[in-house]
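Data first, discussion second: the structure below is written as structure tokens.
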């Protein structure tokens, strides 16, 4: 946990590619939230996303396929 916290403290943004099977593996999201680091939550359209993950996210990006995700990330990074 200390190594994760140290790395996150050096970050300006955390991007999380959400998958339901990672329910217990979202420690990074919680640490980033506690450190007030912006969190972009990427989730596939129609996928059930945990309420906690959604509440921690500063931005939620829903995508259909990888090309759609690539396009949306390029648009977000230029804003």
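No lab work stands behind these numbers, since they all come straight from the coordinates. Note that the structure is a prediction, hence the values are computed from the model and not measured. So basically every Cβ, Gly included, is an ideal-geometry build from the backbone, and we count neighbours across all protein chains shown.
Selection within the range 36-61: residues that are surrounded by fewer than 16 Cβ atoms within 10 Å (Cβ to Cβ) and in contact with a strand residue (DSSP E or B) (Cβ under 9 Å, 6 or more places away or on another chain). The member of this set that is nearest to residue 7 (Cα to Cα) is 38. Just checking, does the range 1-8 include any residue being farther than 17 Å from residue 54 by Cβ, touching a strand residue (DSSP E or B) at 6+ places or on another chain (Cβ under 7 Å) and outside any strand (DSSP E or B)? Yes, there is a match, as at least one residue in the range 1-8 is farther than 17 Å from residue 54 by Cβ, touching a strand residue (DSSP E or B) at 6+ places or on another chain (Cβ under 7 Å) and outside any strand (DSSP E or B). Restricting to the range 9-37, name every residue that is part of a loop (DSSP other than H, G, I, E, B), touching a residue at least 12 places away in the same chain (Cβ under 8 Å) and either in contact with a helix residue (DSSP H, G or I) (Cβ under 8 Å, 6 or more places away or on another chain) or farther than 23 Å from residue 72 by Cα (or both). 11, 18, 26, 35, 37 - these are the residues of the range 9-37 that are part of a loop (DSSP other than H, G, I, E, B), touching a residue at least 12 places away in the same chain (Cβ under 8 Å) and either in contact with a helix residue (DSSP H, G or I) (Cβ under 8 Å, 6 or more places away or on another chain) or farther than 23 Å from residue 72 by Cα (or both).
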